[in-house]
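Down below is the structure, laid out as structure tokens.
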Amino acid sequence: MTRLSVPIQGELNEADVKKIIDALKNVPNGLAGLNSAGQIGLSQIPLLPASQLGFGFAWELVGSIETSTAAASISFTNLSGDADKIYYLVLAISNASTTATGGIYIRVNGDTSVGNYSWISWRNVDAAVGTSTQGFGATSGVAGIMFGSEAADKVVLLSGVILAEGITKGTQTFVLGASYGFSINAIYYLHGGAWLKSGEVTELEVFTASGVAVNWKAYLFKPKW
């Protein structure tokens with residue numbers, strides 16, 4: 001990797017920008033990223049690939065799903081959670097229903113035992129804050145990690161990290177998930193939860209109480225170690 005050192009003091013000014021451009025002239029293909037206006041974007045700087053701008057490593061796409069018809073759920077299968085260690089999930093949800101609302105959940109490995117999941121949810125809906133929780137060992141509730149909430153007749157964007165390899169406390173290992181999101185009617189979400197790990201994560205199923213509507217988009221990424 002070529003390292004570029006440009007002495008700059010104080011705030012970046014026009015003269016400093018000229019120093020950077022002049023320095024790039026000495027880097028192979030250093031000015032190749034300049035557009036017609038002489039501007040440089042983050043993805044065009046050869047010193048740091050755009051894919052490495054988060055978490056210090058590159059991400060690669062595991063799979064993507066876009067629903068053309070309604071379904072009970074959508075799933076990412078054939079995963080290798082112990083080897084991949086961590087996943088990053090992005091959900092873009094278009095809810096055409098004027099009434100359907102509620103939680104968005106992740107079920108791990110098809111485990112439908114409610115007591116194996118725990119989560120906490122925080123929501124701010126038009127400045128009104130609401131919370132809800134579910135603890136391990138519950139006999140009623142939802143068999144899944146709460147990952148977000150859908151809003152009636154609104155578009156929602158959610159993203160979050162899933163620690164697929166898990167973390168151990170005592171004799172138990174937990175797969176953790178945490179997410180944040182918003183919708184276009186000023187609803188903000190923070191969610192966190194866990195699954196009591198009983199084996200390697202091989203499937204992540206996303207579902208809601210009312211099912212998955214048309215025009216959902218889901219993207220799952222893993223680190224490229």
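The values are calculated or read from the model by the stated rules, or taken from the named source; none is laboratory data. Computed from a predicted structure; not experimentally measured. Positions of Cβ are generated from backbone atoms using ideal geometry, with glycine treated the same way; all protein chains shown enter the neighbour counts.
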Original post:
In this structure, is Arg123 at pLDDT 90 or above and under 16 Å from Thr208 (Cβ atoms)?
Top reply: no
**OP:** Pull up the stretch 174-218, narrow it to residues that are surrounded by fewer than 16 Cβ atoms within 10 Å (Cβ to Cβ) and β-branched (Val, Ile, Thr), then point me to the one that is farthest from Asn78 (Cα to Cα).
**Re:** Ile184
Original post:
loosely packed, with under 15 Cβ neighbours inside 10 Å, within 19 Å of Lys222 (Cα to Cα) and at pLDDT 95 or above, is that true of Ile167?
Top reply: yes
Subject >> Selected residue (criterion: modelled with the lowest pLDDT) from residues of the stretch 145-164 that are under 23 Å from Leu79 (Cβ atoms) and not hydrophobic (A, V, I, L, M, F, W, C) >> reply: Gly148
Subject >> the stretch 108-133 residues that are at positive phi, paired with ones that are β-branched (Val, Ile, Thr) and loosely packed, with under 11 Cβ neighbours inside 10 Å (beta carbon under 8 Å, 6 or more apart) >> reply: none
Subject >> Considering residues of the stretch 186-225 that are assigned to a loop (DSSP other than H, G, I, E, B) and β-branched (Val, Ile, Thr) only, the residue farthest from Gly166 (Cα to Cα) >> reply: Val214
